[in-house]
Amino acid sequence: MRVTHLSLTDFRNYAHAEVPLQTGANLFVGRNGQGKTNLVEALGYLSTLGSHRVSDDKAMIRAGEAAAIIRARLEYNGRVILAEVQLNRAGLNRAQVNRSAIRTRDLPRYFSSVVFAPEDLALVRGDPSGRRRFLDQLLVLRTPRLSGVIADYERVLKQRNTLLKSVRGSGAKEHQLSTLDIWDERLVGLGSEIIDERSELVRLLGDPLRAAYRAVVDEDHGPGLLESLSIFGADDDAGATARADEAHRHSPDTADDRPRPTGTGTAAVFREALAGIRRKELERGITLVGPHRDDVVFMLNDLPAKGYASHGESWSFALSLKLASAELLRRDSASGDPVLILDDVFAELDQSRRRRLAEAIGGYEQVLITAAVLDDVPEALAAHTIHIRGGAVVDA
Ligand SMILES: Nc1ncnc2c1ncn2[C@@H]1O[C@H](COP(=O)(O)OP(=O)(O)OP(=O)(O)O)[C@@H](O)[C@H]1O
Ligand SMILES: [Mg+2]
């Protein structure tokens, strides 16, 4: 798929912008702080309803304004689709497709993109929550129905936690325990589906991750992904090394010696884990096992990347992971390639890796790239260059 035109109104530092885009590479160039990332952030928002930089939508509304509008003309399968979202400072955001209102949360069904930005280094170095978010976002892009399952799980989790808190201290009464049993069943039902879906996704990402890493880095550092599941006793509070030992490795040369959680198996393990930890949960007043406590450990050279990998290695790992996501999406999507967005990537890479990355992304229908320095980007990607200055598209 591709974006043929982007319109912004009161988005970040843009009062108004009309940006025509082409098939293939589009390069946004301009000095620091001019609005390059803002442009691609707007498109990222259309496909994920989130920003790679902030969790609060309001930061994206131009200072002093009440609302921002992102509108994109998309083309795929010979169809033209006009997708639009309005971010409101007060009240709910609103979305439209072809000028008819739709539920905002359905917007990502129409547009798929993969963004890689400097912030993604946190995927490797940061907390498990970022990695869970990464997996869940990709799950929803691949299977939109799962956004409902994830939202339901979060609601059940919240309600279960509220019950656990109310029981804490006062001692559980009979009727509270039977209510807890009901929440447990819902938690297990929804949670097992999420665990299984993530598990399958981690398995699927393995090969494209290794291929992307090899393509960009040109060295075999054996990147891999290890699931670390709380229903098997992995602890969200423990260190990455401990988790790596416990988890099973999704690499063709390492045999799985533990039962993989599939189908009803996951639910049974989950149920058992909840029973085993109930006393502790009643003491602490929170739910201690489930997909909200899981992690996926990134491995490089047989060590967890977090805490061991160099800056450049961590960066290449995060980039490869995003390229692998794009590869999975393009493989299964009925609407063609996702739009690949690379924010400030080339400045971080040496000449040979720049060239290799350019080759690796050459086959994508559309790629959007930002760079402060034109010369950092291989010439093959600079045929369509858009100059940005002070929140406006300008002539060179
Ligand atoms: N809500 C907002 N209202 C007005 N201006 C904003 C808003 N949010 C961000 N800005 C401005 O946008 C500018 C940053 O734009 P952006 O992050 O796109 O820069 P950039 O061109 O990507 O720069 P760099 O090369 O440093 O990454 C800053 O000057 C910032 O003050
Ligand atoms: Mg930027």
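The values are calculated or read from the model by the stated rules, or taken from the named source; none is laboratory data. Please read these numbers as outputs of a predicted model, since none were measured by experiment. Heads up, the Cβs are rebuilt from the backbone with ideal geometry, glycines too, and the neighbour counts pull from every protein chain shown.
List of remarks:
- Scanning segment 51-67 finds no residues that are within 20 Å of Leu340 (Cα to Cα), among the small types (Gly, Ala, Ser) and more than 16 Å from ligand 2 (Cβ to nearest atom).
- Subset tally (residues that are β-branched (Val, Ile, Thr) and more than 16 Å from ligand 2 (Cβ to nearest atom)) for segment 312-345: 1
- Considering each residue of segment 149-164 in turn, none proves to be among the acidic types (Asp, Glu) and at pLDDT below 95.
- Looking only at residues of segment 346-370 that are touching a strand residue (DSSP E or B) at 6+ places or on another chain (Cβ under 6 Å) and closer than 20 Å to Ile388 by Cα, we find that the one that is farthest from ligand 2 (Cβ to nearest atom) is Gln366.
- Of everything listed in (1) surrounded by 18 or more Cβ atoms within 10 Å (Cβ to Cβ); (2) modelled with pLDDT under 95; (3) of a type outside the set (Phe, Trp, Tyr), the single unmet condition for Val54 is (1).
- Residues of segment 1-55 that turn out to be free of Cβ contacts under 8 Å to residues at least 12 places away in the same chain and more than 12 Å from ligand 1 (Cβ to nearest atom), as a count: 2
- Looking only at segment 363-375, residues that are under 24 Å from Ser335 (Cα atoms) and surrounded by 13 or more Cβ atoms within 10 Å (Cβ to Cβ) come to 6 in all.
- If only residues of segment 1-45 that are in a loop (DSSP other than H, G, I, E, B) and within 16 Å of ligand 2 (Cβ to nearest atom) are counted, the one that is surrounded by the fewest Cβ atoms within 10 Å (Cβ to Cβ) is Asn32.
- Close contacts from segment 337-351, counting a first residue that is touching a residue at least 12 places away in the same chain (Cβ under 8 Å) and within 16 Å of His311 (Cα to Cα) and a second that is within 12 Å of ligand 1 (Cβ to nearest atom) and part of a helix (DSSP H, G or I), with Cβ to Cβ under 6 Å and a gap of 6+ residues or different chains, come to Asp344/Pro118; Phe346/Asp376; Ala347/Asp376.
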